[in-house]
Amino acid sequence: MQISDHMKDAVEKGYALAAFNAPSFDAMSAIAKAAKVQDKPVIIQTSARLVKQHTADAVGQWFRTAKKIWGAQCYLHLDHCVDLALISDCIDAGWDMVMFDGSHFEIGKNIDLSQQVSAMAHRKGVAVEGEIGCIGGEEDGLSADANYANPDETARLVAEGGLDCIAVGFGNVHGDYETKANLRWDIYEAAYDVTGLPLVLHGGSGLTDAEFARAIRAKSAKVNISTDLKKAYVQALESAEMKGKILSAPSAVHDAIFESCFDVAGTYINKFNPTEGTL
Ligand SMILES: [Zn+2]
């Protein structure tokens, strides 16, 4: 199945695909194993910074290797990116979906560049995620103030941008939530009626099970988890046990990242796409 069909299936059936930001091959392999063990699909996403650091060819190979080792149903996605050359490299290197984040631009420019990315991606059968209204907080060195999506601008972006799914800012943030008082659920719950596209929920770490269920009922087909994955492996690396092991067996670092990512990924894959019943 193509990723865009899988997201439509998720909207129809009321589940979401978990999408994890993987910083390394260890993390990708652990996420793929979790998907195999859960027997559910998963999205492995990469930051633009990771791709710049290692090249799209190398990161694409990590992904295909992880997928092959575990025989899992995995999709590769490029998270927040405004660099069209980098997006083009990822499309050529076999990514299933790319995100063009034009939310910082005025709406005309967001539409224009989203159109260009969609045309380039769709020629190669690659799906596109767009963004309207800014996701706040900081992730991978990118920071922004949260900004609410305007329904008229959202409708224009969807009508003209050629997108396959869309991230709609409603006060959600990357990193930790200092307050949830700014979450405008009314905007998020109206978004699918405006767009008719599967929604993507950013800033998933820190939300409660009830909030996830609410977002999935609002037609979130993809839920991004980054901070919780990072916290899990940082905790593992900071443990006293790890400090004892690391000098004599540096590979313990990779084992710790693998195990913590495997646990976190399995939990969220099942939370968003439970085997029993609906959310
Ligand atoms: Zn994001």
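The values are calculated or read from the model by the stated rules, or taken from the named source; none is laboratory data. What you are looking at is a predicted structure, and each value in this text was computed from that prediction instead of being measured. Here the Cβ is made from the backbone with ideal geometry for all residues, glycine too, and neighbour counts use every protein chain on show. Surface areas here come from the heavy atoms of the whole protein model, side chains and all, with no ligands, DNA or RNA. Shrake-Rupley method; radii C 1.70, N 1.55, O 1.52, S 1.80 Å.
In the stretch 160-170, what residues are within 12 Å of the ligand (Cβ to nearest atom) and of a type in the set (A, V, I, L, M)?
Within the stretch 160-170, the subset within 12 Å of the ligand (Cβ to nearest atom) is 167-169.
Across the stretch 160-170, the qualifying residues are ALA167, VAL168.
Any chance you could count how many residues in the stretch 134-191 are assigned to a loop (DSSP other than H, G, I, E, B) and on the phi < 0 side of the Ramachandran plot? Write out each step before concluding.
Within the stretch 134-191, the first condition is being assigned to a loop (DSSP other than H, G, I, E, B), and the residues that meet it are 134-135, 140-141, 145-150, 162-164, 169-172, 175-184.
Restricting the remaining residues to those that are on the phi < 0 side of the Ramachandran plot gives 134-135, 145-150, 163-164, 169-170, 172, 176-184.
Within the stretch 134-191, residues that are assigned to a loop (DSSP other than H, G, I, E, B) and on the phi < 0 side of the Ramachandran plot number 22.
Please name all residue pairs, on different chains or six or more residues apart, with Cβ atoms under 6 Å, provided the first residue is in the stretch 213-226 and is within 21 Å of GLY137 (Cβ to Cβ) and touching a residue at least 12 places away in the same chain (Cβ under 8 Å) and the second residue is within 11 Å of the ligand (Cβ to nearest atom) and among the hydroxyl-bearing types (Ser, Thr, Tyr).
Final answer for the pair search is ILE225/SER205.
Just one of the numbered conditions (1) under 21 Å from the mean Cα position of the chain (by Cα); (2) modelled with pLDDT under 95; (3) away from the ligand (no atom under 16 Å from the Cβ) is not true of TRP185; which one?
(2)
Working carefully through the options LYS52, LYS68, LYS36, find the one that is basic (Lys, Arg), free of Cβ contacts under 8 Å to residues at least 24 places away in the same chain and surrounded by fewer than 21 Cβ atoms within 10 Å (Cβ to Cβ). Lay out the reasoning, then the answer.
Details: LYS52 fails: free of Cβ contacts under 8 Å to residues at least 24 places away in the same chain; LYS36 fails: free of Cβ contacts under 8 Å to residues at least 24 places away in the same chain.
Only one candidate qualifies: LYS68.
If only one of ALA159, ALA190, ALA155 is free of Cβ contacts under 8 Å to residues at least 24 places away in the same chain and open to solvent by 30 Å² or more (accessible area, probe 1.4 Å), which one is it? Steps first, please.
On the way: ALA190 fails: free of Cβ contacts under 8 Å to residues at least 24 places away in the same chain; ALA155 fails: free of Cβ contacts under 8 Å to residues at least 24 places away in the same chain.
Only one candidate passes the filter, namely ALA159.
So which residues in the stretch 192-230 are within 18 Å of SER103 (Cβ to Cβ) and in a loop (DSSP other than H, G, I, E, B), if there are any at all?
LEU197, PRO198, HIS202, GLY203, GLY204, SER226, listed by residue number.
Return the residues of the stretch 138-152 that are at pLDDT below 85, crowded, with 18+ Cβ neighbours inside 10 Å and either over 16 Å from the mean Cα position of the chain (by Cα) or over 21 Å from SER220 (Cβ atoms) (or both); say none if nothing qualifies.
Correct list: LEU142, ALA144, ALA146.
Quick one: ASP92 ticks every box in (1) without any contact (Cβ under 8 Å) to a residue 40 or more places away in the chain; (2) more than 14 Å from ALA167 (Cα to Cα); (3) away from the ligand (no atom under 12 Å from the Cβ); (4) touching a strand residue (DSSP E or B) at 6+ places or on another chain (Cβ under 9 Å) bar one, so which box is it?
Checking ASP92 against (1) without any contact (Cβ under 8 Å) to a residue 40 or more places away in the chain; (2) more than 14 Å from ALA167 (Cα to Cα); (3) away from the ligand (no atom under 12 Å from the Cβ); (4) touching a strand residue (DSSP E or B) at 6+ places or on another chain (Cβ under 9 Å), the one that fails is (4).
Report, by residue number, each residue of the stretch 106-131 that is more than 16 Å from the ligand (Cβ to nearest atom) and hydrophobic (A, V, I, L, M, F, W, C).
Those that are more than 16 Å from the ligand (Cβ to nearest atom) and hydrophobic (A, V, I, L, M, F, W, C): ILE107, ILE111, LEU113, VAL117, ALA119, MET120, ALA121, VAL126, ALA127.
Which strands (runs of 3 or more DSSP E) does the stretch 9-104 wholly contain that include 3 or more residues that are within 21 Å of TYR268 (Cα to Cα)?
Values: elements: 17-21, 42-46, 74-81, 97-100.
Of the strands (runs of 3 or more DSSP E) lying wholly inside the stretch 9-104, those with at least 3 residues that are within 21 Å of TYR268 (Cα to Cα) span 17-21, 42-46, 74-81.
Quick one: count up the residues across the stretch 231-262 that are surrounded by 14 or more Cβ atoms within 10 Å (Cβ to Cβ) and either in a helix (DSSP H, G or I) or aromatic (Phe, Trp, Tyr) (or both). Break it down into steps so the answer makes sense when it comes.
Filtering the stretch 231-262 down to residues surrounded by 14 or more Cβ atoms within 10 Å (Cβ to Cβ) leaves 231-233, 236-237, 242, 245-246, 252-262.
Still in the list and also either in a helix (DSSP H, G or I) or aromatic (Phe, Trp, Tyr) (or both): 231-233, 236-237, 242, 245, 252-262.
Of the residues in the stretch 231-262, 18 are surrounded by 14 or more Cβ atoms within 10 Å (Cβ to Cβ) and either in a helix (DSSP H, G or I) or aromatic (Phe, Trp, Tyr) (or both).
Among the listed residues ASP26, ASP57, ASP101, identify the single one that is buried (at least 20 other Cβ atoms within 10 Å of the Cβ) and within 30 Å of GLU259 (Cα to Cα). Before you say what the answer is, go through the steps one by one.
Working: ASP57 fails: buried (at least 20 other Cβ atoms within 10 Å of the Cβ); ASP101 fails: within 30 Å of GLU259 (Cα to Cα).
Only one candidate qualifies: ASP26.
What's the number of the only condition in (1) closer than 25 Å to LEU78 by Cα; (2) at pLDDT below 95; (3) of a type outside the set (S, T, N, Q) that VAL223 fails to meet?
(2)
Within the stretch 211-230, can one find any residue that is among the hydrophobic types (A, V, I, L, M, F, W, C) and open to solvent by 40 Å² or more (accessible area, probe 1.4 Å)? If you could, list the steps in order and put the result at the bottom.
Initially, the stretch 211-230 is screened for residues among the hydrophobic types (A, V, I, L, M, F, W, C), giving 212-213, 215-216, 218, 221, 223, 225, 229.
Right, trim to open to solvent by 40 Å² or more (accessible area, probe 1.4 Å) and you get none.
Scanning the stretch 211-230, I find no residue that is among the hydrophobic types (A, V, I, L, M, F, W, C) and open to solvent by 40 Å² or more (accessible area, probe 1.4 Å), so the answer is no.
Just to be sure, is VAL173 crowded, with 23+ Cβ neighbours inside 10 Å, hydrophobic (A, V, I, L, M, F, W, C) and within 14 Å of the ligand (Cβ to nearest atom)? If you could, list the steps in order and put the result at the bottom.
Values: crowded, with 23+ Cβ neighbours inside 10 Å: yes; hydrophobic (A, V, I, L, M, F, W, C): yes; within 14 Å of the ligand (Cβ to nearest atom): yes.
Yes: the conditions hold for VAL173.
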